[in-house]
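Structure, as structure tokens:
The values are calculated or read from the model by the stated rules, or taken from the named source; none is laboratory data. On a predicted model such as this, the values are computed, not experimentally measured, just so you know. So basically every Cβ, Gly included, is an ideal-geometry build from the backbone, and we count neighbours across all protein chains shown.
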Amino acid sequence: MDRFHFARRPGKLLLSLITVTLIIGVWGRFFSLLADLAVEPSVLASPQKELEGRKVTCLTGHFDASCMEMLGRWFLEETGAVVQCVVAEPSELLKKAVCAIPGHDLSPDVMVFPYPLLPRLVEEGVLADLTDFIKEEAPVLQPEDFLPNLYKAHSLYRGRNWALPFDGSTQVLYFRKSLLQKHGLRPPRTWDEYTRVSRFITEKERGGGVYGTAIMAEESCWCGAASTTNRFMACGIKPFDEGGAPTIDSPIALKALTDLLEQSAFALPLPGETGWAVVRDAFLSGRVAMAEGWTGLCFLMADRTISLVADDWGVVPLPLCTGEGRDRPYATLNQGFSVGVSSKTHDMIAAQAFLSFVTRPDVMRRLVMAHSGVTPTRMSVLGYEREMGIPQEALAVIRRAVEQSEVWPETPHMPELMEILAHNIDMALEGRKTPVQALGSTASCWCEVLSEPLRFGTEGGFRNSCMFGETAKRKLSCMSHSRMCRAACGPQKTPTIP
């Protein structure tokens, strides 16, 4: 080839030079990147998450255990932090919270607990004060979005915030449409009608293994007392009068307990051994015509993998007390769960992050849509049940129940008071006490418990579902009528009545 070949074609020479330069540049950059990757392998990994490598231990009862485990997985995906759930039976929940050893592997950072325990946990020094945290994180937490009555009951004590609402469980009356229609019956509006419907269906259907109702009355301060308080609240009974003396042995309360005993004769056997899981499963399997149950049950109705009554159920407010002039539906906030941060947490930042995560509006909405059985505590989430196939009329009942529910008294003595009530109701169900004796003993024991200083910490033993000191154990056997110890209930012992 002529050595002046390219000289005669300057344009072609220039194009060749540019091409060679580009090739060299591209390959040079490629080898440079390979060298960088060899030195810095983390370039290939996903970006570092906010709480990568940290752990949050969450103490919860079995009611919300599956929900917290699900939330733990979601929290790991978003933040990189691992959540370890410690599931305690109701009889151990308060004990584990109070007796937790800081720094221990199972010492809780976050706790999910029945809201009536809030005052007790605060007085025990178990919960961290969240007032400032909630103010600082208001744009994310949106505290104004919580239903006002739930926010007050689940979060506030002595003017400070100690927790946030997680599950707004409130009781309503479920019924099977086909069974009531078969016998020409309608959902009961009063407890007297409830008795008649229960009796009629049990007498007609018991041969086929179907009962008129299921009554949750096992001896537990959160289950056994729930059915009783439903009837008390229906009649407008407040546990204490304005002076702080128990009123649970009033004639109206006696009528309510007598009704409960009569209704138990037509209920799924045996009410005294029936807990929430039994009631829930009996209704979902079609074995009972009616069931007093928490609002979370309606979110399971449409799940055909566990419900045989997906197209055969309805819900109405709890019955009213006959002749007492109570003209509006009501609900008793006799359950419901708060979530708080332990004052003994080893990682306050991670614990607060998890609390913020599980109560965020978007996360709560996702939890409801996952058929978790959790009752929404936020106004913005209440409308999403419609997307789960829940009838509009049922939604209206659920919403009204959650918004208008009546809360239990705010007192750190609540575990002992409810255990005493549950114990005496159980004695009445078994026939070991008359209704008069059961309520008189309850009122007397309540007054004595309230008249003595509360024993905190690990003093005394733990009995059944609640922390139970030796002093409270003695009160279970007291038989004196409440009027004999009115003087012991001084004003300084008066619990706060909502």
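When residue 207 is tested against (1) out of contact with any Pro (no Cβ under 9 Å at 6 or more places or on another chain); (2) of a type in the set (Gly, Ala, Ser); (3) outside any helix (DSSP H, G or I), only condition (3) is not met. Scanning the range 364-383 for residues that are of a type outside the set (D, E, K, R), crowded, with 17+ Cβ neighbours inside 10 Å and in a helix (DSSP H, G or I) gives 364, 367, 368, 382.
From 275, 314, 286, grab the single residue that is out of contact with any Gly (no Cβ under 7 Å at 6 or more places or on another chain), under 30 Å from residue 437 (Cα atoms) and either touching a residue at least 24 places away in the same chain (Cβ under 8 Å) or hydroxyl-bearing (Ser, Thr, Tyr) (or both). Even if it seems obvious, please write down each step before you answer.
Details: 314 fails: under 30 Å from residue 437 (Cα atoms); 286 fails: under 30 Å from residue 437 (Cα atoms).
Sole residue among the options that is out of contact with any Gly (no Cβ under 7 Å at 6 or more places or on another chain), under 30 Å from residue 437 (Cα atoms) and either touching a residue at least 24 places away in the same chain (Cβ under 8 Å) or hydroxyl-bearing (Ser, Thr, Tyr) (or both): 275.
The residue pairs whose first member lies in the range 226-245 and is without any contact (Cβ under 8 Å) to a residue 24 or more places away in the chain, whose second member is crowded, with 24+ Cβ neighbours inside 10 Å and assigned to a loop (DSSP other than H, G, I, E, B), and whose beta carbons are closer than 9 Å, counting only pairs six or more residues apart or on different chains, are 237/248. Evaluate the range 219-242: report whether one residue or more is over 18 Å from residue 171 (Cα atoms), at pLDDT 90 or above, surrounded by fewer than 23 Cβ atoms within 10 Å (Cβ to Cβ) and out of contact with any helix residue (DSSP H, G or I) (no Cβ under 7 Å at 6 or more places or on another chain). Looking through the range 219-242, none of the residues is over 18 Å from residue 171 (Cα atoms), at pLDDT 90 or above, surrounded by fewer than 23 Cβ atoms within 10 Å (Cβ to Cβ) and out of contact with any helix residue (DSSP H, G or I) (no Cβ under 7 Å at 6 or more places or on another chain). Screening 213, 229 for residues that are out of contact with any Gly (no Cβ under 6 Å at 6 or more places or on another chain), over 24 Å from residue 176 (Cβ atoms) and of a type in the set (S, T, N, Q) leaves exactly one candidate, 229.
Filter the range 118-150 for residues that are closer than 20 Å to residue 404 by Cα and touching a residue at least 60 places away in the same chain (Cβ under 8 Å) and give the result. Let's see the steps before the verdict.
So in the range 118-150, the residues closer than 20 Å to residue 404 by Cα come out as 143-150.
Selection gives 145, 146, 147, 149, 150.
Checked against the criteria, residue 167 does not count as in contact with a Lys or Arg (Cβ under 6 Å, 6 or more places away or on another chain) and closer than 27 Å to residue 334 by Cα. Of all residues in the range 392-429, those being small (Gly, Ala, Ser), more than 20 Å from residue 237 (Cβ to Cβ) and in contact (Cβ under 8 Å) with a residue 60 or more places away in the chain number 1.
Scanning the range 123-137 for residues that are modelled with pLDDT of 95 or more and outside any loop (DSSP other than H, G, I, E, B) yields a total of 7. Here 264, 307 are screened, and the one residue that is free of Cβ contacts under 8 Å to residues at least 24 places away in the same chain and among the small types (Gly, Ala, Ser) is 307. In the range 455-466 there is at least one residue that is under 25 Å from the mean Cα position of the chain (by Cα), modelled with pLDDT under 50 and buried (at least 24 other Cβ atoms within 10 Å of the Cβ).
Which residue is surrounded by the fewest Cβ atoms within 10 Å (Cβ to Cβ), if the candidates are limited to the range 243-263 and must be of a type in the set (D, E, K, R) and out of contact with any Cys (no Cβ under 8 Å at 6 or more places or on another chain)? The selected residue is 262. Looking only at residues of the range 430-450 that are farther than 18 Å from residue 216 by Cα and without any contact (Cβ under 8 Å) to a residue 40 or more places away in the chain, we find that the one that is surrounded by the fewest Cβ atoms within 10 Å (Cβ to Cβ) is 432.
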